[in-house]
1. Can you find a residue in segment 126-133 that is modelled with pLDDT of 95 or more and in contact with a helix residue (DSSP H, G or I) (Cβ under 9 Å, 6 or more places away or on another chain)?
2. May I ask you to list the residues in segment 35-91 that are surrounded by 14 or more Cβ atoms within 10 Å (Cβ to Cβ) and assigned to a strand (DSSP E or B)?
3. Just checking, does segment 1-15 include any residue being part of a strand (DSSP E or B), out of contact with any Cys (no Cβ under 6 Å at 6 or more places or on another chain), basic (K, R) and within 15 Å of T63 (Cα to Cα)?
4. Of all the residues that make up segment 19-34, how many are part of a strand (DSSP E or B) and over 17 Å from T72 (Cα atoms)?
5. Out of N44, N57, N61, report the one residue that is over 15 Å from the mean Cα position of the chain (by Cα) and touching a residue at least 12 places away in the same chain (Cβ under 8 Å).
6. Scan segment 92-113 for residues that are outside any helix (DSSP H, G or I) and either at positive phi or within 12 Å of the chain's Cα centre (by Cα) (or both) and jot them down.
Amino acid sequence: MSPTPRIEVQATEQTPAVLLDKEKGILKIEGFSFPDSPHVFYTNIVSWFSGYCKSPNEETNLTFAFLYVNSTSIKFINDILKKMDSLAAAGKKVSVTWIVNPDDEDIEQLGQELKGLHTVPFRIIPKEPEKPSTPPKKFF
């Protein structure tokens, strides 16, 4: 069974934004992850990855950009990373990017721990500062 081509979940105060778009090759999970019911939140996402692994794109790039992750969410993230490991082991071109705010040692440490547990190519990179959308106001 092939996956639903696209899953999009808007971020809330407790759940991350999720965009899994096979057609466009965008696989991204970002924001806060401490849902009241992590199993309910992550089941469809993990199932999507199971289906995706049966018919992956030529190249798979998965990006995580968390602001906070609770321990229960980490279990599901680990399940997703195991699926990425299986793609890499099958010789597929796959990578994981773990984006961290430069001053967030906890998320960086979590990324380091997950990187050490998995075989998929895994980069930890600092988030680039956001550029202002409007020029600064002059006060004189």
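The values are calculated or read from the model by the stated rules, or taken from the named source; none is laboratory data. Since the model is a prediction, treat every value here as computed from it, not as a measurement. Here the Cβ is made from the backbone with ideal geometry for all residues, glycine too, and neighbour counts use every protein chain on show.
1. Residues of segment 126-133 modelled with pLDDT of 95 or more: none.
No - not one qualifying residue is present in segment 126-133.
2. T60, N61, L62, T63, F64, A65, F66, L67, Y68, V69
3. Initially, segment 1-15 is screened for residues part of a strand (DSSP E or B), giving 6-9.
Narrowing further to those that are out of contact with any Cys (no Cβ under 6 Å at 6 or more places or on another chain): 6-9.
Next cut, basic (K, R) only: 6.
Add one more test, that the residue is within 15 Å of T63 (Cα to Cα), and what stays is none.
Within segment 1-15 (the criterion being part of a strand (DSSP E or B), out of contact with any Cys (no Cβ under 6 Å at 6 or more places or on another chain), basic (K, R) and within 15 Å of T63 (Cα to Cα)), the answer is no, since none of the residues qualifies.
4. Kept after step one, since they are part of a strand (DSSP E or B), are these residues of segment 19-34: 19-21, 26-33.
Adding the requirement that they be over 17 Å from T72 (Cα atoms) leaves 19-21, 26-28.
The number of residues fulfilling the criteria is 6.
5. Numbers: N44 fails: over 15 Å from the mean Cα position of the chain (by Cα); N61 fails: over 15 Å from the mean Cα position of the chain (by Cα).
The conditions single out N57.
6. Step one: filter segment 92-113 for residues outside any helix (DSSP H, G or I), giving 92-104.
Scanning segment 92-113 gives S95, V96, T97, W98, I99, V100.
Let's see how each residue does on (1) aliphatic (A, V, I, L, M); (2) closer than 18 Å to V9 by Cα; (3) touching a residue at least 12 places away in the same chain (Cβ under 8 Å):
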{"position": "S37", "(1), (2), (3)": "no, yes, no"}
{"position": "L81", "(1), (2), (3)": "yes, no, yes"}
{"position": "D85", "(1), (2), (3)": "no, no, yes"}
{"position": "A88", "(1), (2), (3)": "yes, no, yes"}
{"position": "K93", "(1), (2), (3)": "no, no, yes"}
